[in-house]
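Chemist: I have a structure here, written as structure tokens, and I will follow up with some questions on it.
The values are calculated or read from the model by the stated rules, or taken from the named source; none is laboratory data. In this text the structure is predicted, and so the values were computed from the model without any measurement. Using ideal geometry, Cβ is built from the backbone for each residue, glycine included, and neighbour counts are taken over all protein chains shown. The accessibility values were calculated without ligands, DNA or RNA, using every heavy atom of the protein model including side chains. Shrake-Rupley method; radii C 1.70, N 1.55, O 1.52, S 1.80 Å.
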Amino acid sequence: IDGEFTVSARGFWQVHPGAASRFVAAALEGLAPAPGERALDLYSGVGVFAAALAAAVGPTGQVIAIESDETATRHAEANLAAYGNAVIVPARVDDAFGIPRAQKGPRRRGSRPRGATRHPLIPTSADLVLLDPPRTGAGAGVVRAIAALRPRAIAYVACDPAALARDLATFAQEGYAVRTLRAFDAFPMTHHVECVALLAPISLRMPKS
């Protein structure tokens, strides 16, 4: 990735100096975004992946970035200011998709589940989806919402292999299979491994004998 990105001193950024560029390159290589396509960047942070996607899909394309952290979204607005085809949705990903949150404790009479209304900027279809969820993963609800968009390709950037495995199992149930999976030792001398998985719809066509 080229250019400079603003991030809070208390915000998240990859410790390894080459990590961000490598992850962006790996994700975009698999997604192969084309001009005019619509892409979603989920858990978008300060907009690193969104900027690369916006440049790739061009002015006729669209990138919708979803991020819940207030400070990160403010920085993303500045970082993506040069891209008129990128829009930032300041919300939790599950809320943006209208996925009801699990109720903690008894619900008050007449109250409604939180996050049950889909954000008006979230489309019903997309060509590409990139997600970089927290260590707990995206969760079954978000995975199903992504699959319902029927994207031609999905890039999943994961910092926890166990959470990735759980979400990949749900993607498989929804008709998406892993095409490639790359692991990066971005944190040498630790047990942490960063992964970039590329998924595509499972083809129903049988190979010719």
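Chemist: So ASP160 clears everything in (1) at pLDDT 95 or above; (2) surrounded by 16 or more Cβ atoms within 10 Å (Cβ to Cβ) except one condition, right? Which one?
Modeler: Unmet condition: (1).
Chemist: Quick check on my filter: what residues within region 39-72 are farther than 19 Å from ALA138 by Cβ and polar (S, T, N, Q)?
Modeler: Within region 39-72, THR60, GLN62, THR71 qualify.
Chemist: Sticking with this structure for a sec: I'm checking my understanding of the structure. Among residues of region 140-157 that are hydrophobic (A, V, I, L, M, F, W, C) and under 12 Å from ALA177 (Cα atoms), which one is surrounded by the fewest Cβ atoms within 10 Å (Cβ to Cβ)?
Modeler: ALA147
Chemist: While we're looking at this one, here's another question. Could you tell me whether GLY84 is over 23 Å from VAL143 (Cα atoms), open to solvent by less than 30 Å² (accessible area, probe 1.4 Å), modelled with pLDDT of 90 or more and not hydrophobic (A, V, I, L, M, F, W, C)?
Modeler: no
Chemist: Moving to a separate point now. Only one residue in ALA126, ALA186 is of a type outside the set (Ser, Thr, Tyr), modelled with pLDDT of 95 or more and either part of a strand (DSSP E or B) or surrounded by 14 or more Cβ atoms within 10 Å (Cβ to Cβ) (or both), so which one is that?
Modeler: Every option except ALA126 fails the conditions.
Table: residues versus (1) modelled with pLDDT under 70; (2) surrounded by fewer than 18 Cβ atoms within 10 Å (Cβ to Cβ).
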| site | (1), (2) |
| --- | --- |
| VAL15 | yes, yes |
| GLU29 | no, yes |
| PRO33 | no, no |
| THR60 | no, yes |
| ASP94 | no, no |
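Chemist: If I go through region 48-58 residue by residue, how many of them are at pLDDT 95 or above and among the β-branched types (Val, Ile, Thr)?
Modeler: 1
Chemist: Identify, from the list THR170, THR180, the residue that is of a type outside the set (Gly, Ala, Ser) and surrounded by fewer than 17 Cβ atoms within 10 Å (Cβ to Cβ).
Modeler: THR180
Chemist: For region 71-81, which positions are buried (at least 19 other Cβ atoms within 10 Å of the Cβ) and either in contact (Cβ under 8 Å) with a residue 60 or more places away in the chain or under 15 Å from LEU53 (Cα atoms) (or both)?
Modeler: Within region 71-81, ALA72, HIS75, ALA76, ASN79, LEU80 meet the criteria.
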